[in-house]
Amino acid sequence: MLDRLRVYSPPSFVMKLFPEFVWECSNEKILFTFDDGPNPETTPIILKTLADKRIKAVFFLVGQNIERYKSLASETISEGHEIANHTYSHYDVWGLNRKKINFEIKKCSQLIEEVQGKPPRMFRPPHNRFDLWTAATSHKNNLKCVIWSLLTYDYKNDLNIVKFAGERYIAKNSVVVLHDSIKSKDIIVDSINFLADQIEHREFQIGKPSECLN
Ligand SMILES: [Zn+2]
């Protein structure tokens, strides 16, 4: 039974509190984003599926995973996707430990710069938790905070839940969040295919990161 209180989009009052954050696309297209990689169990199958569907996405990478699987981060870029900052250790940046938050954001940006020769331009806070200090720190590090407008709950590893979210809530300007992690391994390929088919069926368009997030 699906939880009626499940949240598929951030509440509008939060969006208003952080107007400098990106919550949606600006061009009526739909953007796919993948959090928490790279991961040898999921990144290759995600990259293959996206290539088959000709989708370009943003991957919000965890610094520790970049250290472990640098070649996967490189492959993500060479496939034409954009990689972005999701902290060094998937740290919850909501709270008062400012020194640690600085470290988490800076270190991840450094690792991305080592991989692609330039720093990332986007940051997504883990666990969808952030505060004014998060906003200030990302701004200081030249990072645009990109949240999302459609959470599919793919990490519950149940394709029916993703279908429910996709059928009911996908819309023009959606920034869809999916996970490049072991949690959604069994359903991620079907989830991408299902969402892409839904988008096509409803005559929406999938956009590239460069055009959706200007
Ligand atoms: Zn995450």
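The values are calculated or read from the model by the stated rules, or taken from the named source; none is laboratory data. Keep in mind that this is a model prediction, so the values were computed, not measured. Cβ sites come from the backbone with ideal geometry, for glycine too, and all protein chains shown count toward neighbours. Note: accessible area is taken over every heavy atom of the protein model, side chains too, but ligands, DNA and RNA are not part of it. Shrake-Rupley method; radii C 1.70, N 1.55, O 1.52, S 1.80 Å.
Tally time: how many residues in region 138-151 are under 22 Å from Leu31 (Cα atoms) and either open to solvent by 10 Å² or more (accessible area, probe 1.4 Å) or among the small types (Gly, Ala, Ser) (or both)?
Initial filter on region 138-151 (under 22 Å from Leu31 (Cα atoms)): 138, 142-151.
Add one more test, that the residue is either open to solvent by 10 Å² or more (accessible area, probe 1.4 Å) or among the small types (Gly, Ala, Ser) (or both), and what stays is 138, 142-144, 148-149, 151.
Counting residues in region 138-151 that are under 22 Å from Leu31 (Cα atoms) and either open to solvent by 10 Å² or more (accessible area, probe 1.4 Å) or among the small types (Gly, Ala, Ser) (or both) gives 7.
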Among (1) crowded, with 20+ Cβ neighbours inside 10 Å; (2) within 13 Å of the ligand (Cβ to nearest atom), where does Ser109 come up short?
(2)
Please indicate, with yes or no, whether at least one residue in region 114-121 is open to solvent by less than 60 Å² (accessible area, probe 1.4 Å) and in contact with a Phe, Trp or Tyr (Cβ under 8 Å, 6 or more places away or on another chain).
no
Of the residues in region 82-106, those that are in contact with a strand residue (DSSP E or B) (Cβ under 6 Å, 6 or more places away or on another chain) and crowded, with 22+ Cβ neighbours inside 10 Å come to Ile83, Ala84, Asn85, His86
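Kindly provide the set of residues from region 122-137 that are of a type outside the set (A, V, I, L, M, F, W, C), surrounded by fewer than 19 Cβ atoms within 10 Å (Cβ to Cβ) and more than 16 Å from the ligand (Cβ to nearest atom), ordered by number.
Initially, region 122-137 is screened for residues of a type outside the set (A, V, I, L, M, F, W, C), giving 124-129, 131, 134, 137.
Of the ones still in play, those that are also surrounded by fewer than 19 Cβ atoms within 10 Å (Cβ to Cβ) are 127-129, 131.
Answer for region 122-137, where residues must be of a type outside the set (A, V, I, L, M, F, W, C), surrounded by fewer than 19 Cβ atoms within 10 Å (Cβ to Cβ) and more than 16 Å from the ligand (Cβ to nearest atom): just Asp131.
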Do we have any residue at all in region 36-50 that's in contact with a strand residue (DSSP E or B) (Cβ under 8 Å, 6 or more places away or on another chain), in contact (Cβ under 8 Å) with a residue 24 or more places away in the chain, open to solvent by 10 Å² or more (accessible area, probe 1.4 Å) and within 12 Å of His179 (Cα to Cα)?
yes
Contacts under 7 angstrom Cβ, first residue in region 124-135 being over 19 Å from Val175 (Cα atoms) and part of a helix (DSSP H, G or I), partner of a type in the set (Val, Ile, Thr) and within 14 Å of the ligand (Cβ to nearest atom), 6 or more apart:
Thr134/Val93
Could you please let me know if Trp94 is more than 29 Å from Leu195 (Cα to Cα), of a type outside the set (Val, Ile, Thr), at pLDDT below 95 and within 15 Å of the ligand (Cβ to nearest atom)?
yes
Looking at region 155-163, is at least one residue closer than 24 Å to Gly80 by Cα and open to solvent by less than 40 Å² (accessible area, probe 1.4 Å)?
no
Among the residues in region 3-17, are any more than 26 Å from His139 (Cβ to Cβ) and open to solvent by less than 40 Å² (accessible area, probe 1.4 Å)?
yes
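Given the criterion within 16 Å of the ligand (Cβ to nearest atom), without any contact (Cβ under 8 Å) to a residue 60 or more places away in the chain and within 26 Å of Pro44 (Cα to Cα), identify the matching residue among Lys118, Lys163, Lys156, Lys185. Walk me through it before giving the result.
Working: Lys118 fails: within 16 Å of the ligand (Cβ to nearest atom); Lys163 fails: within 16 Å of the ligand (Cβ to nearest atom); Lys185 fails: without any contact (Cβ under 8 Å) to a residue 60 or more places away in the chain.
Residue meeting the stated conditions: Lys156.
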